[in-house]
Amino acid sequence: MRKAFGLVALLGTLLFSMALGQRAVGFRLVLPPGGAGIGLALEAPLERSLAFRAFGDLFPSGPSFLLGGEVLFKPDLGQLDRDLRGIRPYFGGGLGARIAGTSAVGVHLSLGAEVLFDPRTGFFLDGEYYYPFGGGGSSRVVLGVNLR
């Protein structure tokens, strides 16, 4: 029991430190063909047009989780034309892990766009594909809000 409490405290400390270092919190509504889910994401800028996103999605129908981290190329189109300021298309990928009855690790790819309502609030629409190394990939659509 003491080891479990220590592990939970360590995990909580790690998540808290990640939350302090992040730049955006994302709330996600996942719409896969098999059933809906909800999720949370932390996003941090790496360079001018690069960002790192760590996310976790819960699918209550299973129940199962999808955890992942990805690097996104996310330019602001306002750099090209002032009328397009606040529109940020992105694509990227990383690793993901589905945690369910049979867990699997695989490649996670994303393609989407974020529209900023103001400098601190953005709405995004994302198409994602998860392909486990064992085979049998799945695609899904994600709607969400990023709060900076």
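The values are calculated or read from the model by the stated rules, or taken from the named source; none is laboratory data. Keep in mind it's a predicted model, so treat the numbers as computed, not measured. Virtual Cβ from ideal backbone geometry, glycine too; neighbours counted across all protein chains shown.
For G93, indicate whether it is of a type outside the set (A, V, I, L, M, F, W, C), within 13 Å of the chain's Cα centre (by Cα) and over 20 Å from V25 (Cβ atoms).
Working: of a type outside the set (A, V, I, L, M, F, W, C): yes; within 13 Å of the chain's Cα centre (by Cα): yes; over 20 Å from V25 (Cβ atoms): yes.
Yes: the conditions hold for G93.
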Take the residues in region 68-120 that are assigned to a loop (DSSP other than H, G, I, E, B) and in contact with a helix residue (DSSP H, G or I) (Cβ under 9 Å, 6 or more places away or on another chain), then tell me which one is farthest from Y130 (Cα to Cα). R85
Tell me the residue from V105, V142, V71 that is surrounded by 13 or more Cβ atoms within 10 Å (Cβ to Cβ), more than 17 Å from R23 (Cα to Cα), of a type in the set (V, I, T) and within 11 Å of the chain's Cα centre (by Cα), please. V142
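Quick check: is even one residue across region 60-68 touching a His at 6+ places or on another chain (Cβ under 7 Å) and modelled with pLDDT under 95?
Yes, there is a match, as at least one residue in region 60-68 is touching a His at 6+ places or on another chain (Cβ under 7 Å) and modelled with pLDDT under 95.
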